[in-house]
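Data block below; observations after.
We did not get these values from a lab; they are worked out from the coordinates using the rules stated. Since the model is a prediction, treat every value here as computed from it, not as a measurement. Positions of Cβ are backbone-derived with ideal geometry, glycine not excepted, and every protein chain shown enters the neighbour counts.
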Amino acid sequence: MSTTPLQFGLDEKEMRQVYAETILELAQNDPSVIALEADLMSSISTNKIQPLIPNQIINCGIMEAHMMGVAAGFSLTGKIPFVHTFAQFATRRAFDQLFVSCAYARLNVKIIGSDAGVTAEHNGGTHMAFEDLGLMRLIPNATVYEASDSTMFKALLKQIYGEYGIHYIRTIRKKAKRLYSSSEQFPKGKGKLLRDGKDVAIVASGIMVEEALKASDLLANKGIEAMVIDMYSIKPIDQNLLIYAAEKTGFIITAENHNVIGGLGSAVAETLMETYPVSMYRIGVREQFGQVGKTDYLKEFYGLTAEHIVKAVMDKLEETEL
């Protein structure tokens, strides 16, 4: 199986700039595109494009549940609503309206949850979503993504524009580590094999892809070949790629900026349990709420670093040898 070429460096643009620019492009080409905000226009940069498409951006105020109802109404009239707010407000706070008014009604709504996990930083524990992927995975027929860099984010936004249904993209707001070239495609239900290896497979998403790649380098120095997979499509998930990783390595590590319950780790475990059971360990948040802090501090606090991945791999391999 071939690996995806990578382009390392820091993204030139923040993810929020990419969101605003892509919404502007879509809206200018299609008057049915409507961007809905819950008083976070400056946070996601849509305030900068509002003068250019004044009739296609609506600030619903700090009323996220109401915003989901507005999105449902627009969808019923044939519009294509893109709904943005922080991840915990898009999912945890407005879940019933999202589930019933949008999903149960089989409507066409695109939801963007920003400030994912520890990247909420100084917004603190109430704003730190570690459960949004789990909630969104529970919705029948919903498509769930986590964007790893700006190239992927832009591609996914355009992709969900053209697909009917409930779509959720989890993202950070600021600059990400650049991984992909502008020509890269990100098909629904697929993952990206970034590095191949025979000893362990690290399956990661979002900001944890960078940590997985660092861990792979550290493990290589110890003579351990680590496969790295960017599983950007959380639902549907790439079953074939997971089986390939399980067959080749016999040991899977998942790494996510999310609770180990309900998110990427759960999705991988559920898939392999039914298809190709292997030894597995989940890197993620365990029985903890969020808190105030910078991203690097919080990654260390919650065990979301390359070093934590390496330790989990070494501990498991040591157990196997014993």
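Over the chain, Cα pairs under 8 Å with separation of 6+ residues give a relative contact order of 18 percent.
Taking the Cα centre of region 235-322 as origin and assigning +1 to Lys and Arg Cβ atoms and -1 to Asp and Glu Cβ atoms, the resulting dipole is close to 260 debye.
Within the listed set Leu219, Leu138, Leu242, the Gaussian network model of the chain (springs between alpha-carbon atoms below 10 Å) gives the highest mean-square fluctuation for Leu138. Rounded to the nearest 10 degrees, the inclination of helix 239-249 to the longest alpha-carbon principal axis of the chain is 20 degrees. So if I take the centroid of the Cα atoms in region 34-81 and the same for region 88-103, what is the distance between those two points in Å? One Cα centre to the other: 15 Å.
Comparing Arg137, Arg173, Arg93 in a Gaussian network model of the chain where C-alpha atoms under 10 Å apart are linked, the largest mean-square fluctuation is found at Arg93. Comparing Ile53, Ile112, Ile166 in a Gaussian network model of the chain (Cα springs below 10 Å), the most mobile by mean-square fluctuation is Ile53.
Using R0 = 35 Å, the C-beta based FRET efficiency linking Asn141 and Thr3 works out to 0.65. In terms of overall dimensions, the C-alpha atoms belonging to region 163-231 reach 46, 26, 22 Å along their principal axes, ordered largest to smallest.
For region 174-294, just say rounded, prolate or oblate: build the C-alpha gyration tensor, square-root its eigenvalues into a ≥ b ≥ c, call rounded for a/c under 1.5, and beyond that prolate if a/b exceeds b/c, oblate if not. Cα axes put region 174-294 in the rounded bin. Kindly express, to the nearest 10 degrees and within the range 0 to 90, the angle between helix 64-76's C-alpha long axis and the longest C-alpha principal axis of the chain. With rounding to tens, the tilt is 70 degrees.
Checking the cross-link pairs Lys192/Lys222; Lys154/Lys177; Lys79/Lys235; Lys198/Lys299; Lys192/Lys235 against a 21 Å limit on the alpha carbon distance flags Lys192/Lys222; Lys79/Lys235; Lys198/Lys299 as lying beyond it. A simple charge model with +1 on the Cβ of Lys and Arg, -1 on the Cβ of Asp and Glu and nothing else charged puts the dipole of the chain at about 640 debye relative to its Cα centre.
To test your reading of the geometry: what angle, between 0 and 90 degrees and rounded to tens, separates the Cα axis of helix 150-161 from the longest principal axis of the chain? The angle comes out at about 50 degrees. The P(r) of region 55-156 has a tail past 24 Å containing 21 percent of all C-alpha pairs. Select from Val313, Gly303, Ala245 the residue farthest towards the positive end of the dipole of region 229-322; place +1 on Cβ of Lys and Arg, -1 on Cβ of Asp and Glu, and compute about the Cα centre. Toward the positive end, the furthest listed residue is Gly303.
Projecting the Cα atoms of Ser233, Val260, Met280 onto the charge dipole of region 192-321 (Cβ charges, centred on the Cα centre) puts Ser233 farthest toward the positive pole. Once you reduce region 161-186 and region 223-279 to the center of their Cα atoms, the two points are 20 Å from each other.
From its DSSP helices (H runs of at least four residues, each -39,500 (n - 2.57)), the chain gives a residue-normalised ellipticity at 222 nm of -10000 deg cm²/dmol.
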